[in-house]
Each structure stands twice: as structure tokens, then as C-alpha cells.
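These notes concern the structure reproduced below.
The values are calculated or read from the model by the stated rules, or taken from the named source; none is laboratory data. For clarity, every value in this text was computed on a predicted model and none was experimentally measured. Positions of Cβ are backbone-derived with ideal geometry, glycine not excepted, and every protein chain shown enters the neighbour counts. Side chains are part of the model used for accessible areas, which takes the heavy atoms of the whole protein and leaves out ligands, DNA and RNA. Shrake-Rupley method; radii C 1.70, N 1.55, O 1.52, S 1.80 Å.
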Amino acid sequence: MRSTVLARWATPWLLAAGLAAPAFVHAEEQVVNLYSARHYSTDEALYSGFTKATGIKINRVDADDAGIIARLKAEGEASPADVILLVDAARLYRGEQDGLFRPIRSKALNDAIPANLRSQPTADGGIAWFGLSTRARIIVYNKARVQREDVDTYEELADPKLKGKLCIRSGSHPYNLSLFGAVYEHLGAEATQNWLKGIVANLARDPKGGDTDQIKAVASGECEVAVTNSYYLARLMRSSKPEDVAVANKVGAVFPNQATWGTHVNVAGGAVARYAKHPDNAVKFLEYLATPEAQNYFANGNNEWPAARGIQPDNPALQAMTGGKPFKSENIPVSAVGMHTGAVQQMLDRVGFK
Ligand code: FE
């Protein structure tokens, strides 16, 4: 806004003085407008680091994934958004399919982020979105009541042996839609629908609450097994509140399907808005988030794993959760899970998964 004011009073004076485009134009404030679904306070330091390094000021709007997508659609060409950060692969895929992103051409991002953690390239080689951190969708169980071997695959969530023991958030939540989309990719349509039906039959209660609520329900004994993103458990493990640590201590964590197709991994990622008014700044910001320093901070702040190649995370909770070893993650492109979410949603309706 300040730049507009400057230009307005500067122009007549410059014309009168017979001067060409002046220094004022270069003094224009550099900004990037960010729409972010990351609800993690630790990202703040990262944003100020970017401004310090580049002089580009960040204006941020916070909303959830669905809210951001709806807002971009409503705003259309008039949208001030430059960069979009979403926290789920299926939502990133949705944004791409809805034409909300402007394909990115960046050697730095292409080099940093593995191909399976970004969108499929467009015909001319642009990338609609890049994963910037990864999170595993893991199984937690009550250590006093459940044997680890009984819950070390996703398939077992539908096994009748878990009847009345399972807690999970709404099937339509993006984290579950992405997990179910991945299962569809691995097992096919028929097996996936049967699996979902089996999960519904095993529920201890109707789906409600977020992932942390499911972990707490396992600790309290309301259920024995639940599904959660890894960082929610890590957050409890690292909490300064003794009651959170007590919850974490009661549950065991399994990275499912280590003997078969690997644990489902989702991404939080970024894109440039289709109608970005500062597209160069937007790419600079995403490139900054993919640098090693930013990656570690970005991922670690929310107890995630960096998406960029060759970065060794140093997070005590994640180390403890994985036993200090890397776990086997699925190797399907994360862009594939989004393709199935429409079909999965229909299955959820068919099997009565709320
Ligand atoms: Fe989350």
C-alpha cells in the first residue's frame, strides 16, 4: 500500500522535472502474500528469517485447507494470494485439479524435493506443488492391553479381533481420505471398500475429535487402538505438561506395514497461487523453505521429517518413536493418493463411515 501512495505523489513531480522512471519504483516494498493452513506457532521464526534474509515482507492469512481452497475460488483473479501452504496431499492435488496454482519452474526446488513428494509435472515441465515436510499416519495402541503384533498393519484395523476397540477421527477428514486413497492405490477398489467396512465394524465409538483425542482415548481405555499422524504423538511426548507425557507413556506406536508396502506418508506442502501478483517472491519463499536450515526448522518445529533430500532430522521424539532407525515408507507418489479421494468418499458413504 505504501508504494501506491509513493507512486501517486511522485509521478507528477517526476513528470514536471522531466525525469524517467525513478528510484522510487525500486524503493517499492517487497511483499509476499501467504495463505497458510499450517497451524504451528514454530513457523513464525522461519517467516521472520525469510524477511531478514531477503527484505521481503510476509503478509499471512491463516485458515484450514478447505477454507483456503474455498477462498481462492471465491476471490478468483482478484486474489491477493501469492503462496499457498496446505497440510495434506489430497488437498494439494485438489487445488491443482481446480486450477488454483501456477506451475513452478525452479531448479532449486526440483533438486531439493524428491519426485515422489511433489506433483506430477505438467506438459511443459512445471510443478504445481512441492511437499515441504512429511508425516506418517501411524497406529497407536494401549500397551497394557494390546500386543504390538496384533496392530502392525493397516489391514488389521479391519480384522474382527479388534471389534469394539478402534478409535479414529472422521473418515472424511483429509488425513484419512489420503490414507484411504493410499490403501486404494496399494490394494485396489474392492479390497479397500471391504477394509473400510471392517473398520466401521470395529469402532469403539462414532468418529469424533482430532488425532490427539484418539490418542487420549486409547490412554484412558475408551478404546485400545487408534490412528494418528505421527507429530500429534511426538507433541505429547515432548509436552511440558506431565498429563500429556503420561498419555504418551501409556501408548505404543507402530509404523504399519513394514513387512509389505510401507507406512503411509502424507506431506505438508506449498504452491504458487494461479493469480499471484508477486510470483517471483512466492518462488523465492518456497525455495527458502526447501533450504537445509529452513527444512530442519520447518519440519522439527512440528515434529515432522524434512522433505528435502539428504537432511538428517534431529528430533528426540521421532527418534524414540522409530527406535532410532529410518522406517520404511510407501513408495507411491504422494500425488497418487489425491486421485482416489472421490471414489473413497463414495465408499465411506456406502459403508456408513462417518
Ligand atoms: Fe494436523
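Checked against (1) touching a Phe, Trp or Tyr at 6+ places or on another chain (Cβ under 8 Å); (2) open to solvent by less than 50 Å² (accessible area, probe 1.4 Å); (3) modelled with pLDDT of 95 or more, residue 43 meets all criteria but (3).
The set of residues in the range 63-112 being of a type in the set (D, E, K, R), surrounded by 21 or more Cβ atoms within 10 Å (Cβ to Cβ) and not in a helix (DSSP H, G or I) consists of 82, 88. Condition check: crowded, with 21+ Cβ neighbours inside 10 Å, away from the ligand (no atom under 16 Å from the Cβ) and not hydrophobic (A, V, I, L, M, F, W, C). Does residue 55 satisfy that? Against the criterion (crowded, with 21+ Cβ neighbours inside 10 Å, away from the ligand (no atom under 16 Å from the Cβ) and not hydrophobic (A, V, I, L, M, F, W, C)), residue 55 does not qualify. Scanning the range 107-138 for residues that are over 18 Å from the mean Cα position of the chain (by Cα) and aliphatic (A, V, I, L, M) yields 108, 123. Being modelled with pLDDT under 95 and not assigned by TED's automatic domain parsing to the domain that holds residue 180 holds for only one residue in 273, 299, and it is 299. Answer yes if at least one residue in the range 170-190 is part of a helix (DSSP H, G or I), within 26 Å of residue 346 (Cα to Cα), more than 16 Å from the ligand (Cβ to nearest atom) and among the hydroxyl-bearing types (Ser, Thr, Tyr), and no otherwise. Checked against the condition, which is being part of a helix (DSSP H, G or I), within 26 Å of residue 346 (Cα to Cα), more than 16 Å from the ligand (Cβ to nearest atom) and among the hydroxyl-bearing types (Ser, Thr, Tyr), the range 170-190 yields at least one hit. The number of residues in the range 178-198 that are crowded, with 20+ Cβ neighbours inside 10 Å and either closer than 13 Å to residue 336 by Cβ or not assigned by TED's automatic domain parsing to the domain that holds residue 212 (or both) comes to 7. For the range 192-220, the set of residues classified as among the small types (Gly, Ala, Ser) and part of a loop (DSSP other than H, G, I, E, B) consists of 204, 209, 210, listed by residue number. Scanning the range 113-150 for residues that are open to solvent by less than 10 Å² (accessible area, probe 1.4 Å), over 20 Å from residue 167 (Cβ atoms) and within 16 Å of the ligand (Cβ to nearest atom) returns 131, 132, 133. For the range 239-261, the criterion of being outside any helix (DSSP H, G or I), in contact with a strand residue (DSSP E or B) (Cβ under 6 Å, 6 or more places away or on another chain) and open to solvent by 20 Å² or more (accessible area, probe 1.4 Å) is met by none of the residues.
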